[in-house]
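Q: Quick one: the structure is below, questions incoming.
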Amino acid sequence: MHDDNIDSLLKTYPAGRQEYLIPALQEIQHRWGFISEEAVKKLAEYLRVPSSVIYGVATFYNQFRFVRQGKYHFQICYGTACYLFGTSTLLEELESMLGIKDGEISDDGLFSLEVAGCLGGCAQAPVVAVNGEFYTHVTLHQLRQIVENIRLEENLR
């Protein structure tokens, strides 16, 4: 992410207008896939709001990320229903298969993993999402198949 790119994006919004915080964050997220520390600093200066306010807003909404994601971003639900239906076992298997932990990205940039508080599919627990595609009533076998299918697809490219 280059300063001139951030500056040109910010110029599409009126300077000093806090009401443009969320749209600006959404555009940054859309263009670069995450919100860098550099982007937060520049946005804070441009909109004349403290960085702490930007972080407060961005962490309130699940759509914003502060780290780059892998090409295949796994979210595993850790809500009560999913936990009761074995999501901790799924998480252990996923960590083992991908070689990463919560909040990490694989060295090749292919996979990232996020433990989510709740993905909103309690009646279909346990739930796993990959790039926003939800898988419900997930078993260990199904989870392994999801990862194997992704790897197979990537090997064919």
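The values are calculated or read from the model by the stated rules, or taken from the named source; none is laboratory data. Just so we're clear, the structure is a prediction, and the values are computed from it rather than from any experiment. Virtual Cβ from ideal backbone geometry, glycine too; neighbours counted across all protein chains shown.
Q: Limited to the range 1-53, what total is found for residues that are under 29 Å from Ser112 (Cβ atoms), in a helix (DSSP H, G or I) and either among the polar types (S, T, N, Q) or touching a Cys at 6+ places or on another chain (Cβ under 9 Å) (or both)?
A: Within the range 1-53, residues that are under 29 Å from Ser112 (Cβ atoms), in a helix (DSSP H, G or I) and either among the polar types (S, T, N, Q) or touching a Cys at 6+ places or on another chain (Cβ under 9 Å) (or both) number 6.
Q: Being surrounded by 15 or more Cβ atoms within 10 Å (Cβ to Cβ) and at pLDDT 95 or above is the filter; apply it to the range 94-105 and report the residue that is nearest to Leu140 (Cα to Cα).
A: Step by step, filter the range 94-105, then rank; the result is Leu94.
Q: Which of the residues that make up the range 62-73 are without any contact (Cβ under 8 Å) to a residue 60 or more places away in the chain and either touching a helix residue (DSSP H, G or I) at 6+ places or on another chain (Cβ under 6 Å) or farther than 20 Å from Arg144 by Cα (or both)?
A: Across the range 62-73, the qualifying residues are Asn62, Gln63, Phe64, Arg65, Phe66, Val67, Arg68, Gln69.
Q: Next up: I'm told Arg65 meets every condition in (1) surrounded by fewer than 16 Cβ atoms within 10 Å (Cβ to Cβ); (2) within 28 Å of Tyr135 (Cα to Cα); (3) among the basic types (Lys, Arg) except one. Can you identify the failing condition by its number?
A: Of everything listed in (1) surrounded by fewer than 16 Cβ atoms within 10 Å (Cβ to Cβ); (2) within 28 Å of Tyr135 (Cα to Cα); (3) among the basic types (Lys, Arg), Arg65 misses just condition (1).
Q: Determine which member of the set Val127, Val138, Val115 is of a type outside the set (Phe, Trp, Tyr), farther than 30 Å from Tyr55 by Cα and either surrounded by 14 or more Cβ atoms within 10 Å (Cβ to Cβ) or modelled with pLDDT of 95 or more (or both).
A: Val138
Q: Of everything in the range 130-157, what is in contact with a Phe, Trp or Tyr (Cβ under 7 Å, 6 or more places away or on another chain) and closer than 21 Å to Gln63 by Cα? Give them in sequence order.
A: Val130, Asn131
Q: If you don't mind, there's one more thing I want to ask. Would you mention how many residues in the range 54-78 are within 27 Å of Leu98 (Cβ to Cβ), of a type in the set (Phe, Trp, Tyr) and not in a strand (DSSP E or B)?
A: Residues in the range 54-78 being within 27 Å of Leu98 (Cβ to Cβ), of a type in the set (Phe, Trp, Tyr) and not in a strand (DSSP E or B): 4 in total.
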